[in-house]
Structure formats: structure tokens, C-alpha cells
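This report concerns only the one structure given below.
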């Protein structure tokens, strides 16, 4: 457990700092191109995505893989990590774009379908490299728990940021506790944590494959 926390400590500090910067920018009314208050899904408009933690697994996936290898935790195969990540991503995408809409669930129950689809894609990653799965999941849960706490405070105080879904449809209007659970707590700790695992595994897989190719060419030379 101590080794796991040590591995994710640096990336977690970076994630918390970026979350704090994003919140400060929205509260202080900084440029909307970088600190938009709109809830823009997985890929927000403008440059807002840079001031957020959604894309960070692209960097941290390879970093975690390197740290695990330094500790003697060798992956079974870079291609396997990459392949399972692609399958997991496809599984989540099909679930969200095909299966969930076909169920015609009312709001907010439809959210459970989206969470389940992404969670299935994330859980699949344990089959490729269990050690990497555990690290990515721990980082995902820890970083997203911080975001969930910010969302609770924003919803409670009505801060008018994307963390409390400012300007969203009337169906998002609920009492504080159910609103936080449906729109903050479970999405962050289930959907976004699983998204972190899939994206981090994908980038780690790419890095492992590239590293192996470069190493093979260097040996041949």
C-alpha cells in the first residue's frame, strides 16, 4: 500500500494543483478560452481541456509503466496492454453509444448505464497488466475524489462554475444530496476513474510498444 501511494504521489499532487488552478480561473473570471464554466463532456471547447485532469493519464500511463518496470514489475507484453486497452475503450464506446440509448432509460437512471459501460471497459484492463491497473485505479480514485469534493462545495455554495453545472438543463436541478451523488460523486469515482484506467492503459501500451521497437532497432544496429 505504501509503495502504491508513493507511486501515485507526484501525479496526484500535479492533478490537485491543476484542479485548484481551474477552480481559481473560473471563480476569478479568467479567460473563457482557458477557464470555461461550461460543462463540455470529455473534450471541452477551446483550450479548457488543458487546464483539467482528464487528459493527464496520457502522460501518467507511461510514467507509471516506467516506475513499475523499475521495481521489477514487467508487463506481459506491450501489445497485450495496448490491445486490451483498445478493446476496453471500444466496449465502453459501444455501451454508451449503442446499448444505453437502446434501453431508453429516463434521466437520471440513464447515467447508471453510462457509468456501467465505462466501468466495464476499465475493469477489463486488469487482464493485461494487473500492477498497472492497480496504480491507475488508485490514481484515478484519488484524483477524482478531490474533484468530487470540489463539486460538493461548489454545489453547496452555488459558485457558478462547471463544477456545479452552471447553466445546465432544468433536469439537473435537484436537492443538494441527490444532485451531488448523481452528478458529482458517482460520475467522478466510477465513470472518470474508469476512463483514467482505460486512457492510461492505452498510452502505456503505446509507450511500451514504441520502446520495444526502438530497443530492437538499436540492438540490430
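Being over 30 Å from residue 170 (Cα atoms) and not in a helix (DSSP H, G or I): is that true of residue 73 here? Yes; evaluated as a whole, the condition is true for this residue.
When residues in region 1-28 are screened for being touching a helix residue (DSSP H, G or I) at 6+ places or on another chain (Cβ under 8 Å) and under 30 Å from residue 69 (Cα atoms), 9 of them pass. Residues considered: 181, 176, 145, 127. Of these, the only one that is surrounded by fewer than 20 Cβ atoms within 10 Å (Cβ to Cβ) and farther than 25 Å from residue 92 by Cα is 176.
In region 193-202, is there at least one residue being free of Cβ contacts under 8 Å to residues at least 60 places away in the same chain and either touching a helix residue (DSSP H, G or I) at 6+ places or on another chain (Cβ under 8 Å) or in a helix (DSSP H, G or I) (or both)?
We begin by selecting, within region 193-202, every residue free of Cβ contacts under 8 Å to residues at least 60 places away in the same chain; these are none.
No.
Scanning region 157-173 for residues that are assigned to a loop (DSSP other than H, G, I, E, B), free of Cβ contacts under 8 Å to residues at least 24 places away in the same chain and in contact with a helix residue (DSSP H, G or I) (Cβ under 8 Å, 6 or more places away or on another chain) yields 158, 173. Given the criteria at pLDDT below 95, buried (at least 20 other Cβ atoms within 10 Å of the Cβ) and either under 29 Å from residue 23 (Cα atoms) or out of contact with any helix residue (DSSP H, G or I) (no Cβ under 9 Å at 6 or more places or on another chain) (or both), does residue 139 qualify? Judged against the criteria, residue 139 is not a match.
Number of residues in region 151-163 that are under 10 Å from residue 23 (Cβ atoms) and surrounded by fewer than 21 Cβ atoms within 10 Å (Cβ to Cβ) equals 2.
The values are calculated or read from the model by the stated rules, or taken from the named source; none is laboratory data. The structure displayed is predicted, hence computed values, not measured ones. Glycine also receives a Cβ, built like all others from the backbone with ideal geometry; neighbour counts cover every protein chain displayed.
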